[in-house]
Amino acid sequence: MTSHNQELFEQSQQIIPGGVNSPVRAFKSVGGTPLFFKRGKGAYVWDADDKRYIDYVNSWGPMIVGHCHPEVVKAVQAAAAEGLGFGAPTAAELEIAETLCKILPSLEMVRLVSSGTEATMTAIRLARGFTGRSRIIKFEGCYHGHSDGLLVKAGSGALTFGQPSSSGVPAEIAALTTVLDYNDAVGLEKAFAEYGDEIAAVIVEPVAGNMNLILPKREFLDAMRRLCTKHGTVLILDEVMSGFRVGLQGAHGHYGIKPDLITLGKVMGGGLPAAAFGGRRDIMQCLAPLGAVYQAGTLSGNPVAVAAGLTTLKLVQAPGFYERLTQLAKQMTEGISASAKKHGIPFSAQSIGSMFGLYFSANVPTSYAEVMASDKAAFNRFFHAMLAEGVYLAPSAFEAGFVSAAHTEADIAATIAAADKIFAAWK
Ligand code: PMP
């Protein structure tokens with residue numbers, strides 16, 4: 001039987017580099033043919049061969065109310081009928097800005113953009129403009145989009161200049177980024193002791209979801225806040241993924257850490273291209289047209305994207321919304337862990353809010369080094385076996401997973417049963 005996924009992939013590779021419009025979609029990490037999706041509804045997605053999967057990728061985060069939620073679709077249709085874009089301000093932009101600032105008190109002012117990459121890139125520029133400094137700090141394993149200064153890995157010495165992690169990024173730009181270890185408060189302390197007064201910004205995923213799921217240590221978050229305040233450095237919490245995922249007030253609300261700027265995306269766009277950055281008024285007022293830091297976007301605040309985001313943000317504020325998601329994610333990770341234990345497989349799992357991590361390592365990793373030491377081959381085997389069972393996990397051992405409000409207890413039970421069947425035949 002020919003697979004339509006295979007056919008589409010072969011054709012796509014002729015004219016789209018690697019056959020995909022974003023690298024992780026190519027299944028390079030797990031091997032095999034990527035799925036081409038044609039439809040999503042609630043907790044499920046259907047591929048080009050009409051096979052149904054329980055979806056734990058959620059479009060990499062945005063689909064927190066499930067695919068094609070009727071209210072989101074209705075709002076999008078209504079907005080589209082009124083105009084697809086104006087490149088001029090609309091009342092809906094004011095409404096979503098007010099909604100964001102109401103939910104997240106750390107946002108005194110906010111600006112809309114179209115992708116997480118734009119949000120973090122601009123937050124860095126703004127921090128540099130505000131402080132008049134050039135250096136920034138990021139952490140190994142955190143992903144903040146693909147702007148030049150953020151595609152950087154650690155140099156040879158921990159505190160020395162960063163090096164490009166992508167061809168095409170000039171070494172001179174990478175050298176302005178120092179890359180430190182996540183959850184290493186001592187390393188951060190050392191960097192600040194050495195050149196604290198040159199650091200414009202520290203950017204971090206306050207719950208890391210781009211090296212599988214890694215939770216922050218209390219002392220790491222506290223050191224970051226204390227050192228940034230002491231040295232006049234802008235603390236940028238990148239909540240593009242964790243925002244409206246860890247809980248209504250994101251990771252910074254969950255851990256009670258005050259940012260200077262935050263970046264948002266994914267959930268706040270409801271699946272369409274919308275993202276944002278915001279925070280302290282004195283910093284945000286440096287943006288053009290008020291201030292000298294330039295940033296702009298033809299599609300910023302696009303009315304259709306804003307309609308999807310606004311409706312999603314209304315839905316996530318329903319009483320008990322996050323409590324239920326937290327419970328579902330917990331149920332799933334505990335169920336899969338118990339099955340692995342029963343079958344003697346080195347495995348661990350954890351969740352926070354609606355985000356979860358599955359690790360082929362005996363203990364839950366707390367650092368980039370630990371997560372990289374997990375058994376990638378075992379994950380890849382598990383991934384493909386789950387796919388065959390109709391469960392779609394992120395196609396990489398180093399990505400967090402997501403539950404949505406459309407998942408039912410029956411979906412979770414079916415997922416645990418699928419894992420149990422796979423683990424029973426593991427040897
Ligand atoms: N920051 C974080 C924490 C992310 O997870 C992502 C995307 N996975 C980005 C930034 C970049 O967002 P986008 O893909 O919308 O550019």
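The values are calculated or read from the model by the stated rules, or taken from the named source; none is laboratory data. Since the structure is predicted, the reported quantities are computational estimates derived from the model, not experimental observations. Note that each Cβ is placed from the backbone with ideal geometry, even for glycine, and that neighbours are counted across all protein chains shown.
Residue check: is A48 over 20 Å from the mean Cα position of the chain (by Cα), more than 16 Å from the ligand (Cβ to nearest atom), aliphatic (A, V, I, L, M) and within 25 Å of R324 (Cβ to Cβ)?
When the stated conditions are applied, A48 does not pass them.
From the list T312, T298, which one is more than 25 Å from L358 (Cβ to Cβ), in contact (Cβ under 8 Å) with a residue 60 or more places away in the chain and within 16 Å of the ligand (Cβ to nearest atom)? Before you say what the answer is, go through the steps one by one.
Values: T298 fails: within 16 Å of the ligand (Cβ to nearest atom).
Going through T312, T298 in turn, the sole match is T312.
Tell me, which residue of segment 262-280 that is surrounded by fewer than 24 Cβ atoms within 10 Å (Cβ to Cβ) and within 12 Å of the ligand (Cβ to nearest atom) is nearest to L150 (Cα to Cα)? Reasoning before the result, please.
Restricting attention to segment 262-280, the residues satisfying the condition of being surrounded by fewer than 24 Cβ atoms within 10 Å (Cβ to Cβ) are 272-273, 280.
Narrowing the set further to residues that are within 12 Å of the ligand (Cβ to nearest atom) leaves 272-273.
Values: L272: 24, P273: 21 Å.
Within segment 262-280, the match that is nearest to L150 (Cα to Cα) is P273.
What number goes with the only condition from (1) modelled with pLDDT of 95 or more; (2) polar (S, T, N, Q); (3) farther than 21 Å from L272 by Cα that T2 does not pass?
So T2 meets the others, but not (1).
Please name all residue pairs, on different chains or six or more residues apart, with Cβ atoms under 9 Å, provided the first residue is in segment 362-390 and is farther than 12 Å from N212 by Cβ and the second residue is of a type in the set (D, E) and not in a helix (DSSP H, G or I).
Listed by first residue and then by second, the contacts come to A369/E140; A369/D181.
Do the conditions hold for K138, that is, is it of a type in the set (K, R) and within 16 Å of the ligand (Cβ to nearest atom)?
When the stated conditions are applied, K138 passes them.
On the basis of being within 20 Å of G250 (Cβ to Cβ) and under 20 Å from the mean Cα position of the chain (by Cα), does V316 make the cut?
Yes.
Of all residues in segment 150-205, how many are farther than 19 Å from A123 by Cα, in contact (Cβ under 8 Å) with a residue 40 or more places away in the chain and assigned to a loop (DSSP other than H, G, I, E, B)?
Summing the residues that are farther than 19 Å from A123 by Cα, in contact (Cβ under 8 Å) with a residue 40 or more places away in the chain and assigned to a loop (DSSP other than H, G, I, E, B) in segment 150-205 gives 4.
Looking only at segment 281-340, filter to residues that are within 30 Å of A123 (Cβ to Cβ) and among the hydroxyl-bearing types (S, T, Y); which one of those is surrounded by the most Cβ atoms within 10 Å (Cβ to Cβ)?
Restricting to residues being within 30 Å of A123 (Cβ to Cβ) and among the hydroxyl-bearing types (S, T, Y), the top hit is T312.
Scan (1) outside any helix (DSSP H, G or I); (2) away from the ligand (no atom under 13 Å from the Cβ); (3) surrounded by fewer than 24 Cβ atoms within 10 Å (Cβ to Cβ); (4) not small (G, A, S) for the single condition P259 breaks and write down its number.
If we test P259 against (1) outside any helix (DSSP H, G or I); (2) away from the ligand (no atom under 13 Å from the Cβ); (3) surrounded by fewer than 24 Cβ atoms within 10 Å (Cβ to Cβ); (4) not small (G, A, S), just (3) comes out false.
Go through G61, G42, G19, G66 for me and flag whichever is within 16 Å of the ligand (Cβ to nearest atom) and at pLDDT 95 or above.
G61
Yes/no per residue for (1) in contact with a Ser or Thr (Cβ under 6 Å, 6 or more places away or on another chain); (2) within 16 Å of the ligand (Cβ to nearest atom):
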| position | (1), (2) |
| --- | --- |
| L188 | no, no |
| F192 | no, no |
| A200 | yes, no |
| V207 | yes, yes |
| K217 | no, no |
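Evaluate the following for F9: is it within 24 Å of the chain's Cα centre (by Cα) and assigned by TED's automatic domain parsing to the domain that holds E409?
no
I need the full set of residues from segment 110-142 which are in contact with an Asp or Glu (Cβ under 8 Å, 6 or more places away or on another chain) and either without any contact (Cβ under 8 Å) to a residue 60 or more places away in the chain or not in a helix (DSSP H, G or I) (or both), in order please.
L112, R133, S134, R135, F139, E140, C142
Going through segment 241-255 one residue at a time, which ones are in a helix (DSSP H, G or I) and either within 13 Å of the ligand (Cβ to nearest atom) or out of contact with any Gly (no Cβ under 8 Å at 6 or more places or on another chain) (or both)?
Matches in segment 241-255: G250, A251, H252, Y255.
Out of G145, G85, report the one residue that is within 12 Å of the ligand (Cβ to nearest atom), in contact (Cβ under 8 Å) with a residue 60 or more places away in the chain and surrounded by fewer than 23 Cβ atoms within 10 Å (Cβ to Cβ).
Matching residue, one of G145, G85: G145.
Looking at segment 256-282 only, could you name the residues that are more than 21 Å from G42 (Cβ to Cβ) and among the β-branched types (V, I, T)?
Residues satisfying the conditions are I257, I262, T263.
So which of L35, L126, L112 is closer than 24 Å to F356 by Cβ and either within 16 Å of the ligand (Cβ to nearest atom) or not assigned by TED's automatic domain parsing to the domain that holds V306 (or both)? Reasoning before the result, please.
Numbers: L126 fails: closer than 24 Å to F356 by Cβ; L112 fails: closer than 24 Å to F356 by Cβ.
None of the other options fit; the residue is L35.
Condition check ((1) within 15 Å of A275 (Cα to Cα); (2) crowded, with 20+ Cβ neighbours inside 10 Å) across all residues:
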position: V72; (1), (2): no, yes
position: V76; (1), (2): no, yes
position: L100; (1), (2): yes, yes
position: M121; (1), (2): yes, yes
position: S134; (1), (2): no, no
position: G157; (1), (2): no, no
position: T160; (1), (2): no, no
